[in-house]
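Quick notes on the structure that follows.
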Amino acid sequence: MSRIVVVNNLTLDGVMQAPGRADEDTRDGFEHGGWAVPYNDQVSGQFMASHMAGTRAILLGRRTYTDFAGFWPKQGDNPFTKVLTATPKYVASTTLDPQQDWANTIVLDGAGGSDAVPAISDLRSEEGGDIVIMGSGELVRSLARSNLIDEYLLLIHPLALGSGRRLFDQEVQLSLAESLITTTGVVIATYRPVADGEAD
């Protein structure tokens with residue numbers, strides 16, 4: 001069985017919206033896009049590179065996939081571009097055309113929102129490395145409600161924005177497995193969900 005691992009940037013107040021670019025996601029009038037970029041350093045870069053080495057596939061919601069596909073293939077010799085292109089990318093969407101130009105993209109048939117759960121459960125049951133979700137807040141929340149998230153790798157940045165879309169919309173109890181602090185004060189924390197009855 002594979003593990004489903006959420007990898008996301010967060011602020012101290014839980015915002016995950018548009019960490020990478022000003023125009024990444026301006027829904028609800030969000031004006032803080034690109035907030036994570038000043039905190040990048042060699043520590044976080046090396047950690048993420050080593051983590052991605054154990055990834056067998058990437059799982060994305062339609063909106064995040066569309067953003068990634070419009071940006072990363074155009075980044076030339078960026079090593080992250082090469083990794084993303086070479087790695088199988090599963091997309092949960094009921095509206096996306098199955099024929100995508102970005103190499104190694106597989107649109108899960110009829111899988112969007114809560115409809116994605118059966119297809120992703122089947123994907124998780126296969127043997128292999130980790131299946132990593134990036135961004136894709138709606139998809140993450142849907143899978144969390146179905147207990148399909150095995151681990152959260154959260155890069156928690158030392159700032160609060162006061163507005164923006166958040167990762168969690170319900171109570172989720174987590175256990176800290178390991179943590180690392182970067183030179184810019186980002187806490188890279190690995191959490192695992194606590195099963196019912198284990199919190200005590």
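Read-outs: derived from the displayed coordinates by stated rules, not from any lab. Since the structure is predicted, the reported quantities are computational estimates derived from the model, not experimental observations. All Cβ positions, glycine included, derive from the backbone under ideal geometry; neighbour counts span all protein chains shown.
Here are a few things to note about the model shown:
- Scan of region 53-68 for residues that are outside any strand (DSSP E or B) and either charged (D, E, K, R) or surrounded by 17 or more Cβ atoms within 10 Å (Cβ to Cβ) (or both), ordered by number: 62, 63, 64, 65, 67, 68
- Restricting region 70-93 to residues that are in contact with a Leu (Cβ under 9 Å, 6 or more places away or on another chain) and either within 22 Å of residue 140 (Cα to Cα) or small (Gly, Ala, Ser) (or both), the residue that is surrounded by the fewest Cβ atoms within 10 Å (Cβ to Cβ): 72
- Contact annotation: residue pairs with Cβ atoms under 7 Å, 6 or more positions apart or on different chains, pairing a residue in region 43-54 that is within 14 Å of residue 187 (Cβ to Cβ) with a partner that is surrounded by 16 or more Cβ atoms within 10 Å (Cβ to Cβ), are 43/182; 44/155; 44/182; 44/186; 44/188; 47/188.
- Of the residues 22, 18, the single one that is surrounded by 17 or more Cβ atoms within 10 Å (Cβ to Cβ) and part of a loop (DSSP other than H, G, I, E, B) is 18.
For (1) surrounded by 13 or more Cβ atoms within 10 Å (Cβ to Cβ); (2) assigned to a loop (DSSP other than H, G, I, E, B), each residue gets a yes or a no:
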{"site": "97", "(1), (2)": "no, yes"}
{"site": "115", "(1), (2)": "yes, no"}
{"site": "119", "(1), (2)": "yes, no"}
{"site": "122", "(1), (2)": "no, no"}
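- Each residue in region 134-177 was checked for being part of a loop (DSSP other than H, G, I, E, B) and not charged (D, E, K, R), and 19 of them qualify.
- Of all residues in region 116-138, those that are more than 22 Å from residue 164 (Cβ to Cβ) and in contact (Cβ under 8 Å) with a residue 12 or more places away in the chain have Cβ atoms under 6 Å from Cβ atoms of residues that are part of a strand (DSSP E or B) and among the hydroxyl-bearing types (Ser, Thr, Tyr), 6 or more apart or on another chain, in 129/55; 130/55; 132/55.
- Qualifying positions in region 1-37 - among the acidic types (Asp, Glu) and either free of Cβ contacts under 8 Å to residues at least 24 places away in the same chain or on the phi < 0 side of the Ramachandran plot (or both): 13, 23, 24, 25, 31
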